[in-house]
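The values are calculated or read from the model by the stated rules, or taken from the named source; none is laboratory data. Source: prediction; values computed, not measured. Here the Cβ positions follow ideal geometry from the backbone for every residue, glycine too, while neighbour counts run over all protein chains shown.
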Amino acid sequence: MDDESRFPASSVTDATMAGREIDFFFLIEHLPDGILVQRQDQVLYANPAVTALVGGREPPALAGRPFLTLFDADSQTTVANLLRDLDHLGHPSPPTEARLLRTNDKPATVELTLGTAQLDGQDTILAVVRDITQRKEAEERIRHQANYDALTGLPNRALFLDRLQHELIRARRSHSRVALMFIDLDRFKWVNDTLGHAAGDRLLQEASQRLLSCHRESDTVARLGGDEFTVILPDMAHGPHAERVAAQILRVLEQPFILEGQEAFISGSVGVTIFPDDADSVDGLLKNADSAMYHAKADGRNAYRFFTPDMHAEALEKMELEKDLHRALQRNELVIHYQPIVNLQTGQLVGAEGLLRWKHRTRGFVSPEVFVQLAEETGLSAALTEWTLRTGCSQAQKWRELGGWDFFISLNLACTRCRELSTDDKIASIFQETGLPPTALVLEVTENILSEDGARAMGMLNHLKKLGVSLWLDDFGTGYSSLSVLKKLPVSGVKIDRTFIPEVSRDPESEVLVKAIMSLAKSLGRMVIGEGVETRDQMEFLKTRGCDFAQGYHFDRPLPADEFAALVKPRKVFL
C-alpha cells in the first residue's frame, strides 16, 4: 500500500483555498476532539483537547510517554489490539470505546479511532479521541430508569423478570433450585390513608432496605409496584433456607416504622414457590408465588406460605368462578331474596332487606361470602351493586302499589361503590326509572366506609341524605370505633349485629351489651333495628326495651320475590 492511500493529504501542513491560506496546525490545535500522534509506542504530540480530557490546564507532559499508559488497565488490552490490527485493516480502525485516565483519578469514557500515516518517512499512528463521558452517563441514567424503581432503587418488574429467567437457565444447567417469593405489605393502605402518601413512600423505602438486609448479594430483591415486592433466591439447595429467609422478612417488617414523627406498625404476607419442584417456567412460578401469598393473607396475614398443589387447584377453581361471575348478569343468574322487617310495637310488616344471591346454573347457590369478595377483587362490584339497586327498587315500588302502604326496601352497599353511585347520581336516576320515592330506600353501610377516604365518604352520605335516602349503620358493635362513628355518621338507624341477639336469653354479658347499645342509640336519637331474631323470647326482649324494628328467622327466612309478595297483601302482621 502506498503512502498516500494509507494517510492522504492530511500530511500537508498548509494549503490555499479560494485564495486564502489555511493553517492546518491551527485547526488541529482548536479541534473539539483530541488528537494524538504516536511513534514507536511513544506520544509525540497531543492537542489542547487532550489536555482538557485528562484534566490539565496546561499541555500535559505526554510527549515521550508510552501511548498505552494514557488508558486505564481495562482499556489497555483493547487499545493494544487496535494497534496490532491496524496494518491488517488497511484503513482507520472502527470507533472503539476506551477509558482515558484523568488527573483526578476519574476516567473519561472516550471513543477512540486510530489511523496510520507517513511522517518524515516513518510509520506514524494518529489517534482521534472523542469525549463521550456525558453521553455514556446519560445512557446509564436511561438504562437505570428503565430497569430500576425510582422510589426504592430496587430492580423493577422488567429487570426482575430478566434476572429470574437468567437464574432459571443457570439452575437447569447446574441442577440446582431457585426460590421465588412474593411479599405484600399488610396495612400499607392504612398508612397512606392515615399519614399521607409521603409517609407511604417513606415506608416503602424503609421496607425495601429491611428486605435487602435479609438477603445475600446473589439474591435479587425487586419492587413490582405498589406495596408488592419479589425476591429471587438462587442456588437454594433446600427448602429450610427459604423458610428461614421468609421468617426473617416477617420479623424485620414487624418492627415499628417511624413515619411523620410517630410509630407505625405493619406486617407482611409472603408466598414462596420453588423451581423446579413447583413449576419449571417463569409464568408458572409467578402464579404459584402469588397464590401462596394470597393464602398467607387469607390465613390472617403476617405469615408465609409455601405453594402446594392444592393452591393451584383452588386458583383454577377461583378462575372458573370468576369467569362465570362475569356472565352471571347476562345469564340472569342473579336474584334478590327479601327478608321481612317488622315493626316490633305493632307486629306489622314495614319493609324488607334485599339480599343478593347468585344461583349458578350448575353449582346451585354460591355463598355470598365467596362471590361478593370475588366481585370486589375483580372489579365487578360496581355492576352487581347497580343491578341490585335497580332490581330492588323496582320490586319495592311494585309492592308499594300492590299493598297500598308505605313499604320500604333496605339494601347493603359496598362503601367504595356507594361513593361512586352518589358522585355520578346513579341513585337519583334509578329513582326516576323505577318510580320509587327516595324515602322508601334505606342504604345500609358499615363503619369502614370512613377507612379509605373519610372526607369523600362523608360528602357522599350527606348527599344521599339530601336526596331523602335513609341511612342505617349495619353490624353495630363489632368494629373498633363504633361509638365515634355513630356520633359522626348522618345515620338515622342502628342495626345491632346478629351475633348479639341469639345470646341475650342465656348470656348475661350479651344482654348487658345489647341494652347498652340500645340505650346509646336512643340517647343519640337513632332508630334501633335488631337482626338475627330467632325466638319469641328474643323478640319480646327487644320489644320491651323499645327496639323499633327487627328481622330474623322468627318472622321468616329471606324469600324469593314471588313468595314474599304473599306477605304484602294483605299486609302481614307477626304476633
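Computed values, structure above
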| read-out | value |
| --- | --- |
| Meets criteria (touching a residue at least 12 places away in the same chain (Cβ under 8 Å), over 24 Å from D72 (Cβ atoms) and surrounded by 15 or more Cβ atoms within 10 Å (Cβ to Cβ)) for D131 | no |
| Residue match in the stretch 79-90 (condition: assigned by TED's automatic domain parsing to the domain that holds H30, under 16 Å from P66 (Cα atoms), surrounded by fewer than 14 Cβ atoms within 10 Å (Cβ to Cβ) and more than 49 Å from the chain's Cα centre (by Cα)) | yes |
| Single match in P95, P48 (criterion: surrounded by 15 or more Cβ atoms within 10 Å (Cβ to Cβ), under 60 Å from the mean Cα position of the chain (by Cα) and at pLDDT 60 or above) | P48 |
| Selection status of H337, over 19 Å from P558 (Cβ atoms) and either in contact (Cβ under 8 Å) with a residue 24 or more places away in the chain or not in a helix (DSSP H, G or I) (or both) | no |
| Test result for V335, in contact with a Leu (Cβ under 9 Å, 6 or more places away or on another chain), over 30 Å from F541 (Cβ atoms), assigned by TED's automatic domain parsing to the domain that holds F541 and at pLDDT below 90 | no |
| Residue check for D310: acidic (D, E) and in contact (Cβ under 8 Å) with a residue 60 or more places away in the chain | no |
| Out of G64, G121, G34, sole residue that is surrounded by fewer than 11 Cβ atoms within 10 Å (Cβ to Cβ) and at pLDDT 75 or above | G121 |
